[in-house]
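Enquirer: My structure is below; once you've seen it, I'll send some questions.
The values are calculated or read from the model by the stated rules, or taken from the named source; none is laboratory data. Note that the coordinates shown come from a computational prediction; the quantities given were computed from them, not determined experimentally. Ideal geometry is used to build each Cβ from the backbone, glycine not excepted, and the neighbour counts take in all protein chains shown.
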Amino acid sequence: MRGAGDRKIGLRPESVTGRVSYLHGDGERADLIVRDFAVDPGLRYIDAPRSGSPACAVQACSVNNPALGAFSELEYHTPAIGGDTGRRRHEDVSTVRFFRGPRDPIERLAAHLMGASPASL
């Protein structure tokens, strides 16, 4: 998320679990952001990282250019409503948690919450 230039990736609804996280650390400290949200691969999603790409439920973007500045986004999308979807509304509920502390316990927490081994982080 800190490379030069602009990058954006997307994950289709059928490939996500409804939880995303971002882990970053410098030296002995680390930050962890975790977001939980509902995803339903049986519904229609319309957001895509670029025109012509498949629709996605999760996208990550890293921007680093003189015109826009430098920033990163980790976003999720809800299913589409209106048009030919037959849906007129959608209730969106998500939870965001932020943790900061010594690197080792934050990495262990990230592994636990994401169902991974600490070594894979």
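Enquirer: It is to be established whether one or more residues within region 78-88 are assigned to a strand (DSSP E or B) and buried (at least 16 other Cβ atoms within 10 Å of the Cβ).
Expert: Residues of region 78-88 that are assigned to a strand (DSSP E or B), as a first pass: none.
Looking through region 78-88, none of the residues is assigned to a strand (DSSP E or B) and buried (at least 16 other Cβ atoms within 10 Å of the Cβ).
Enquirer: Considering Gly10, Gly42, which residue is among the small types (Gly, Ala, Ser), more than 14 Å from the chain's Cα centre (by Cα) and modelled with pLDDT under 95? Before the answer, list the steps.
Expert: On the way: Gly10 fails: more than 14 Å from the chain's Cα centre (by Cα).
One residue alone meets the criteria, Gly42.
Enquirer: Still on this structure, please answer the following. When residues of region 1-31 are filtered for being without any contact (Cβ under 8 Å) to a residue 40 or more places away in the chain and assigned to a strand (DSSP E or B), how many remain?
Expert: Result for region 1-31: 2.
Enquirer: Here is a further query. List pairs: first in region 96-109 and surrounded by fewer than 12 Cβ atoms within 10 Å (Cβ to Cβ), second not in a helix (DSSP H, G or I) and not acidic (Asp, Glu), Cβ under 6 Å, 6+ apart or cross-chain?
Expert: Close Cβ pairs satisfying both conditions: Val96/Arg35; Phe98/Ile33.
Enquirer: Can you name the number of the only condition in (1) of a type in the set (Ser, Thr, Tyr); (2) buried (at least 16 other Cβ atoms within 10 Å of the Cβ); (3) more than 13 Å from the chain's Cα centre (by Cα) that Ser21 fails?
Expert: The failed condition is (3).
Enquirer: Just wondering, is there one or more residues in region 49-70 that are of a type in the set (D, E, K, R), modelled with pLDDT under 90, exposed (fewer than 11 other Cβ atoms within 10 Å of the Cβ) and not in a loop (DSSP other than H, G, I, E, B)? Give the steps one after another, and end with the answer.
Expert: Here is the first cut: in region 49-70, the ones of a type in the set (D, E, K, R) are 50.
The next check asks that each one be modelled with pLDDT under 90; those that pass are 50.
Then keep just the ones that are exposed (fewer than 11 other Cβ atoms within 10 Å of the Cβ); that gives 50.
From what is left, the residues that are not in a loop (DSSP other than H, G, I, E, B) are none.
Within region 49-70, not a single residue is of a type in the set (D, E, K, R), modelled with pLDDT under 90, exposed (fewer than 11 other Cβ atoms within 10 Å of the Cβ) and not in a loop (DSSP other than H, G, I, E, B).
Enquirer: Can you report the number of residues in region 54-90 which are within 20 Å of Ala4 (Cβ to Cβ) and touching a Lys or Arg at 6+ places or on another chain (Cβ under 9 Å)? Please lay out each step first, then the result.
Expert: Of the residues in region 54-90, the ones within 20 Å of Ala4 (Cβ to Cβ) are 59-74.
Next, from what is left, pick out any that are touching a Lys or Arg at 6+ places or on another chain (Cβ under 9 Å): 59-64, 70, 72-74.
Residues that pass the stated criteria total 10.
Enquirer: Also, I was wondering about something else. Pairs under 6 Å by beta carbon, first residue touching a residue at least 40 places away in the same chain (Cβ under 8 Å) and more than 12 Å from Ala80 (Cα to Cα) in region 39-56, partner surrounded by 15 or more Cβ atoms within 10 Å (Cβ to Cβ) and among the small types (Gly, Ala, Ser), six or more apart or different chains?
Expert: Matching pairs, first to second residue: Pro49/Gly10.
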